[in-house]
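Below: one structure, written as structure tokens.
Read-outs throughout are calculated quantities, based only on the coordinates presented, and are distinct from any laboratory measurement. Not measured: the values here are computed from a predicted model. Cβ atoms come from the backbone with ideal geometry, glycine included; neighbour counts cover every protein chain shown.
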Amino acid sequence: MAEPLTTSALTITKTHCPYCALQCGMNLSSEGGSVVVQPRDFPTNRGGLCQKGWTSAAVLTTPGRLTQPLLRRSREAPPHPVSWDEALDYVTERIRDIQRQRGLDAVALFGGGGLTNEKTYALGKFARVALRTSQVDYNGRFCMSSAAAAGIRVFGIDRGLPFPVTDLDDADAVLLVGGNVAETMPPFSQHLRRAVDLGGLVVIDPRRTATAEQAALHLQPAPGTDLALALGMLHAVVADGHLDHDYISARTNGFEEMWRIAAQWWPERVERVTGVSAADQRAAVRLLARAHNAYVLTARGAEQHASGADTASAWINLALALGLPGRPGSGYGCLTGQGNGQGGREHGQKADQLPGYRKIDDPAAREHVAAVWGVDPAELPGPGRSAYELLDALGGADGPRALLVFGSNPVVSAPRAAHVAERLAALDLLVVADFVLSETAELADVVLPVTQWAEEDGTLTNLEGRILLRERAIEPPQGVRSDLDVLHGLATRLGQPAERFPTDAETVFEELRRASAGGVADYSGVSWERLRDGEQLHWPVPAVDHPGTPRLFLDRFAHPDGRARFAAVNHRGPAEPPDADFPLLATTGRVLQHYQSGAQTRRVAELAKAVPESYVEVHPDTAARAGLAEGQLSRVVSRRGTAVARVRVVPSMRLDTVFLPFHFAGDQRANLVTNPALDPISRMPEFKVCAVRLEPAPGEES
Ligand SMILES: Nc1nc2c(c(=O)[nH]1)N[C@H]1C(S)=C(S)[C@@H](COP(=O)(O)OP(=O)(O)OC[C@H]3O[C@@H](n4cnc5c(=O)[nH]c(N)nc54)[C@H](O)[C@@H]3O)O[C@H]1N2
Ligand SMILES: Nc1nc2c(c(=O)[nH]1)N[C@H]1C(S)=C(S)[C@@H](COP(=O)(O)OP(=O)(O)OC[C@H]3O[C@@H](n4cnc5c(=O)[nH]c(N)nc54)[C@H](O)[C@@H]3O)O[C@H]1N2
Ligand code: SF4
Ligand SMILES: [Mo]
């Protein structure tokens, strides 16, 4: 447990918010039975918190908190409380049966980017060593995988922000593409203050969001046309004489191949595809080119597309053309989303990956990691299916027959959610570890009640690649166990030596250090002691006396020749263009008060009251054409299904676009309509655009 600061009346523990990747600093104090959150000064939030952070302690004591394992031996039977031994014995027995009959890959795991580094490491190891299955992936595929793929392609490495977030404080100009930080990371907005005050913020978003309101220039493209827009702006960089020739020849390769494509995308042509005027494209480029300190930032609006990796690459191309990445005071970054979105993709819960951000099909990586794990490298499985492909294959002829879920609620958050729920129902065994009965846990054969952030120890890696320690602040309720404990319990029952799956997070971290040593994301020099001392450690940290790497790329990029590579990418548009039956473009995203699938925040009274149900933002003329007015219930219909949402008439919306938040359950799920078309490189689904029509819900026809 953390060394608490004890004042006369209370015990205070320094910690971080349980939600997003900003990982705002907070203090927790427990007085009597209740836990109180106070903001703490930390570089990412400087004493700020959003409404979710302020109310985060409410989930610790939510009335629906799970404290006993639940089991149903048949789908017809209701789940009933059982002992931990009974639950874990049952799961082990079923896993054994299923693997005996159907092979090792018949059991799959699905992890999450909110899990601590230690948990993601243990999960990947559990999959490969205890289950010996290749079928493990996680919700980060839905999150930042396209920007990660683009970063690896262009820079040779993927770290969300390759600089501390406080570097943005000195920016004169920032181009923010597909990010609504005013709602998704409110305290982050203070780092854009200077740029805003100088009239240097440019926001690219099909909606006029709270963030776009602060921008000097808001470009409002049709969803799914960012790649064309990035090419048009690149064209303007060259045509208007803003290209940084010295930088391009000293630090990059591949400009010519890239330009062969961008040359064909002059701004007037791009205007016809995107709806953004050629003048605005040029003005945005001018703003960036004239700034002393300029940044390009992307978030999910640019990335969650079937062309997401190419789109993110195109935005990085633009940054390279202006000479920004690796120049002190300038750069490109991607805003990581989940609490441990960055660490979640480094330690091996991804289908194609081993710890240290190593590739599972690299013989040297297999050898190194197998030695740390004490197994034969030949026994490690190869790469498995990506998140959506895994969910899609469940219960099918060649697909897994059992799934264990840790830290995700795909019944709400996966694309084509009704189909995903069907696949989950077709399994022989669904096990969900959670602290509340999420919509996915409701379908499970076995539910395992686990500890929450404030009740356990662990590290997370925030959006700046900085490793943070979150120490236990309060006692967990009776009956719950940590995820590490659950994995230990299952692994030992499956015949693994007890010491191979430690339950103590610091012990797991010590092993993670060794497994990551020499890898891309090298944590070998990080110790909990250094973190407790408040050292600011951004990976790579390859030795105990290494100060960490707050800024990457100052001297070289991560490709062997030290140069960045322009990506020769071309526009291809949404996978499902609108047509006569489905004439509108639906896009999806977030609202301040709710987090992700809403499993946590829908249980916080203050947040649920503020935004109790789903809604669809729509232009007044588009609403009228569909026979709908403000406040009426509508049906948003796509080829996959129908979501029910209350109409919010928003005059700044594009006529061709509607927006739905994805935080709501049941027939309000935005993901009933979304398109699971996948990016060929990142396997990211196209959450941000699909073709729909809007109609009144039954009884709402005027
Ligand atoms: N309140 C809240 N905050 C969160 C979260 C949450 O669930 N709730 N989740 C966290 C996580 S995991 C993540 S990944 C981040 C996400 O953070 P953001 O990326 O900021 O969030 P989104 O709302 O998904 O998408 C941002 C914007 O993209 C726009 N957009 C839609 N389609 C397009 C397009 O084709 N092009 C462009 N340029 N923009 C488009 C949307 O209108 C939206 O305003 O937020 C983190 N913070
Ligand atoms: N339409 C649409 N869909 C989207 C998106 C979008 O923009 N539009 N965004 C996508 C993105 S970026 C993301 S990140 C995903 C997120 O979507 P999900 O993966 O569903 O994320 P959460 O809602 O955070 O689910 C976490 C679940 O795990 C539980 N949990 C939290 N912490 C722990 C823990 O430490 N251990 C265990 N065992 N359980 C825990 C929570 O109670 C909750 O039930 O959604 C994606 N889906
Ligand atoms: S911005 Fe993110 S980390 Fe900060 S308080 Fe809000 S949800 Fe928590
Ligand atoms: Mo995310």
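Would you mind classifying the stretch 349-470 by shape? Square roots of the alpha carbon gyration tensor eigenvalues, ordered a ≥ b ≥ c; an a/c under 1.5 is rounded, otherwise it is prolate if a/b is larger than b/c and oblate if not. Oblate. Note on GLU268 and ASN570: the model spin-label points, each 7 Å out from Cα along the C-beta direction, lie 2.2 nm apart. Estimated from helical segments only, the mean residue ellipticity of the chain at 222 nm is -7500 deg cm²/dmol, where each DSSP H run of four or more residues counts as -39500 (n - 2.57).
Filter the chymotrypsin sites (Phe, Trp or Tyr not before Pro) in the stretch 250-342 to those in DSSP coil with at most 11 other Cβ atoms within 10 Å of their Cβ, and list the result. Present the calculation step by step, with values, prior to reporting the outcome.
Working: sites: PHE255, TRP259, TRP265, TYR295, TRP315, TYR332; in loops: TRP265.
Answer in residue order: no site qualifies.
Shape analysis of the chain based on the Cα gyration tensor places the equivalent ellipsoid semi-axes at 37, 30, 25 Å, largest first. Pair-distance distribution of the stretch 509-652: all C-alpha pairs, bin width 10 Å, starting at 0; shares per bin in whole percent are 9, 21, 17, 18, 22, 12, 1.
Positive contributions from Lys and Arg (+1) and negative ones from Asp and Glu (-1), summed over other residues with Cβ under 9 Å from the Cβ of VAL129, come out at +3. Within the stretch 584-696, the percentage of alpha carbon pairs spaced more than 16 angstrom apart rounds to 57%. The Cα atoms of the stretch 529-596 give a gyration tensor whose axes a ≥ b ≥ c have a/c of 1.5 or more with a/b no greater than b/c, which makes the shape oblate. Given R0 = 56 Å, the distance between the Cβ atoms of SER277 and GLU442 translates into a calculated FRET efficiency of 0.70. Which pairs, out of LYS14/LYS119; LYS125/LYS688; LYS52/LYS119, put more than 28 Å between their alpha-carbon atoms? Going by Cα-Cα distance, LYS125/LYS688 fall outside the 28 Å limit. Remark on TYR138: its backbone amide H falls under 5 Å from those of GLY111, ALA351, ALA387, a criterion applied only to residues 5 or more positions apart or on other chains, H modelled at 1.01 Å from N.
Computed from label points 7 Å out along Cα-Cβ, the spacing between ASP667 and GLU613 is 1.1 nm. Amide H to amide H distances under 5 Å link ASP434 with LEU448, VAL450, where only residues 5 or more positions off or on other chains count and H is placed in the peptide plane.
Along the stretch 545-554 the Karplus relation, 6.51 cos²θ - 1.76 cosθ + 1.60 evaluated at θ = phi - 60°, assigns HN-Hα couplings of 9, 7, x, x, 10, x, 10, 8, 6, 4 Hz to successive residues, with x for each Gly and Pro. Length gained on full extension, ASP579 to ALA216: 127.3 nm, using 0.36 nm per residue less the C-alpha separation.
Starting from 0 in steps of 5 Å, tell me what percent of the Cα-Cα pairs of the stretch 464-503 lands in each bin. Whole-percent P(r) values from 0 Å outward: 6, 19, 18, 16, 17, 14, 8, 2. Beta bridges from DSSP with both residues in the chain: antiparallel share about 50 percent, rounded to the nearest 5.
Counting DSSP beta bridges in the stretch 584-696, what percent are antiparallel, to the nearest 5?
Here the antiparallel bridges make up roughly 60 percent for the stretch 584-696.
Using a ≥ b ≥ c from the Cα gyration tensor of the stretch 145-334 (square roots of the eigenvalues), is it rounded, prolate or oblate, where a/c under 1.5 gives rounded and otherwise the larger of a/b and b/c decides, a/b for prolate? Note, shape of the stretch 145-334 comes out rounded. The mean sequence separation of alpha-carbon pairs under 8 Å and at least six residues apart, normalised by the residue count of the chain, gives a relative contact order of 19 percent. Per-residue extension of 0.36 nm, minus the Cα-Cα distance of HIS292 and ARG260, leaves a gain of 8.6 nm for this segment.
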